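See structure below.
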Amino acid sequence: MPLVTPFRTSYDDTFFIESVFVRLESEGIAGWGEVTPWETPLYSAEWAAGVFDLARRWCAPRLLGQEVDSTWHLQRLLSPVRGNPFARAAFDVALWDWQARKQDVPLWQLLGGSDGVVAVGADFGVVDGVPELLRLIGSAFDAGFGRVKLKVKPGWDVEVIREVRKAFPKGVFHVDANCSYTLDDIAILRQLDEFNLAMIEQPLGYGDLLDHAKLASRMKTPICLDESIASLKNAQQALEIGACGIINIKPGRVGGVSTALDILKHARERKVPCWIGSMLESAVGSSFCLALATLPGMGYPPDIFPSSRFYERDLANREYSLCGPGQIRAFEGPGIGCEPSPDQLEGMTIDSFSLRA
Ligand code: MG
């Protein structure tokens, strides 16, 4: 799905997204899932074509014809597949949609959300200069967004954030470094402490839990982990060693909605706030993020966007738009309340397969 403007992060300039969709059918009911690991193995070790191949050769055959009584059971059936959380998530989320459709309730209600309306955040990648960035931030606050997230990378960090803070002294901001620093950059990272940021997201490498713990002990700004948390175990270990004070949960990155719920439960017991991220999915994939974001006790507005923020036309048959200042309302179901629009799906499909028990 092409993006209306390229999304620039420390990883790459992204011009389009590649998703893997799963349609899981049983008892005459179909559930849809979508994961978007990106078309390149840059955000994580996974990438869309790899996830697609793994889904075809290893994941789908393990589920075909099985009696599956819960999404956690599905996770156990897929557990011999090492790593690859996006591939496992594709099936996990499809089964969540299926379950909610079978019970004829919206997914967000099935998960325990009390209200389908979520206050979301605005998010800007690296852009062509500070004036452009300030203009974008101004329009986001004018539109009622309660907080703004800014991508940073070496060369686009302290001085940019200084200008931003000067222009918006009261705005709630945080920065996301997408793994682009090391502990050698601690002097730069510590300068960010003066800007009263809500958090710094994933400053160091995805495998560097210990380095994050060292950094956290030397910074005032809370460290949030994103790329580092690909499982419940990662979250448990990160919290045990003090590698972060807040966790970003993306259902795709952690292996599905089921694992997301496990991490939320663990973090809640440790009184560590979590918030929900997304990967630039269509409205199908965003729906799973949004459903999680409706749960009570979320620590921060999620990265979930109106469809028009990134796409000319969403691949799904319904689009998300703001329902109030900086707010998005979850579809009324059943399930996620949307599915791929057939003509869009046909026009954009690169490859597909179908297996039957
Ligand atoms: Mg992030």
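The table that follows gives values for the structure above.
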{"item": "Amide proton proximity set for Ser278, modelled H, under 5 Å, gap of 5+", "result": "Asp303"}
{"item": "Alpha-carbon Rg/Rh ratio, for region 156-264, with Rh computed the Kirkwood way", "result": "0.99"}
{"item": "Length added when fully stretched, Glu27-Asp115, from 0.36 nm per residue minus Cα-Cα", "result": "28.7 nm"}
{"item": "Environment charge at Leu183 (Cβ cut-off 12 Å; Lys +1, Arg +1, Asp -1, Glu -1)", "result": "-1"}
{"item": "Highest-MSF residue in the chain out of Glu319, Glu132, Glu339 [GNM, Cα springs under 10 Å]", "result": "Glu132"}
{"item": "In sequence order, calculated HN-Hα J values of region 12-27 (Karplus, 6.51, -1.76, 1.60; Hz; x Gly/Pro)", "result": "5, 9, 9, 9, 7, 10, 10, 10, 10, 9, 10, 10, 10, 10, 7, 6"}
{"item": "For Leu3, residues with placed amide H under 5 Å, excluding near neighbours", "result": "Phe16, Ile17"}
{"item": "Under 21 Å between alpha carbons - lysine pairs in the chain that sit 8 or more apart or on different chains", "result": "21"}
{"item": "Cβ-derived FRET efficiency at R0 25 Å, Met348 paired with Gln66, nearest 0.05", "result": "0.25"}
{"item": "J(HN,Hα) series, region 271-280, from Karplus relation 6.51 cos²θ - 1.76 cosθ + 1.60, nearest Hz, glycine and proline x", "result": "6, 9, x, 10, 9, 9, x, 9, 10, 6"}
{"item": "Karplus (6.51, -1.76, 1.60) ³J(HN,Hα), θ = phi - 60°, over region 171-183, in Hz, Gly and Pro reported as x", "result": "x, 8, 10, 9, 10, 10, 9, 6, 6, 8, 10, 10, 4"}
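Bear in mind these aren't lab numbers, they're just calculated from the coordinates by the rules spelled out. In this text, all values refer to a predicted model and were calculated from it rather than measured experimentally. Quick reminder, even Gly has a Cβ in these numbers, built from the backbone with ideal geometry, and neighbours come from all protein chains shown.
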